[in-house]
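The values are calculated or read from the model by the stated rules, or taken from the named source; none is laboratory data. Keep in mind that this is a model prediction, so the values were computed, not measured. Note that we place each Cβ from the backbone using ideal geometry, even for glycine, and neighbour counts take in every protein chain shown. Remember, those area values only see protein heavy atoms, side chains included, never the ligands or the DNA or RNA. Shrake-Rupley method; radii C 1.70, N 1.55, O 1.52, S 1.80 Å.
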Amino acid sequence: MKVKIIESKRVLDDFFQVDDVIVQHEKFSGLLSQPMRRLNLERGEAVAVLIYLQDKDAFILVRQFRYAVHISSDSGWIDEIAAGVLEDDNPLACAKRECIEETGYEINKFEKIGFIYPTPGITSERIHLYLSLIHI
């Protein structure tokens, strides 16, 4: 399907970037949509690992404070799976690093599930998703 970017400007260039874009896209009818303004949060890629403890029939979750959750709830503390931003390494190396950093487990066997776009309406962030089955 055809996409036409009419205008694009970076409005924030910091820990992440935000682009302000005017875009048109081909509709299923074959016609182009009306020009529409979209903001895109460019966060890069990340990795997340579902760690399953086979002998306990349970997943490992990490409790972390998130400011964005705090402003819309009481505490801001949530339970998450191990995850982190892909830096200057590959997704598998990042998965290993994040498991050690966030859970203390040194894991060497991962099954790639695929990838997800967690909030595709506002960010281009792509998360590589892995599963790890372990015994402790």
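Summarise the accessible area of the chain (1.4 Å probe, protein heavy atoms) by the percent that is carbon and sulfur.
Here it works out to 55 percent.
Determine the equivalent ellipsoid of the range 41-136 by diagonalising the alpha-carbon gyration tensor, then write out the semi-axes as square roots of 5 times the eigenvalues, largest first, rounded to whole Å.
Taking √(5λ) for each eigenvalue gives 23, 18, 12 Å, largest first.
For the chain, what is the accessible area per residue in Å², given a 1.4 Å probe and the full set of protein chains?
68
Please report the antiparallel percentage of DSSP beta bridges with both residues in the chain, rounded to the nearest 5.
75
With axes computed from alpha carbons, what is the tilt in degrees of helix 91-103 against the longest principal axis of the chain, rounded to the nearest 10 within 0 to 90?
50
For a test of understanding, tell me how many lysine pairs in the chain have Cα atoms under 25 Å apart, given they are 8 or more places apart or on different chains.
Pairs that pass both the separation and distance tests number 8.
Work from the charge dipole of the range 9-136 (Cβ charges, +1 for Lys and Arg, -1 for Asp and Glu, about the Cα centre) and give the residue of LEU41, PHE28, ALA83 farthest towards its positive end.
Looking along the dipole axis, the top candidate is PHE28.
Please list, by residue number, everything in the range 107-129 whose backbone N is under 20 Å from a paramagnetic label point 7 Å out along Cα→Cβ of PHE28.
121
Which whole-percent values make up P(r) of the range 1-56 when all C-alpha to C-alpha distances are grouped in 10 Å steps starting at zero?
Distribution as computed: 20, 30, 22, 15, 10, 3 percent.
Using the Cα centre as the reference, give the magnitude of the dipole from point charges on the C-beta atoms of the chain (Lys, Arg: +1; Asp, Glu: -1; all else neutral), rounded to the nearest 20 debye.
640
Run lengths n ≥ 4 of DSSP H only: what is the helix-derived mean residue ellipticity at 222 nm for the chain, with -39500 (n - 2.57) per run over all residues, to the nearest 500?
Calculated mean residue ellipticity at 222 nm is -3500 deg cm²/dmol.
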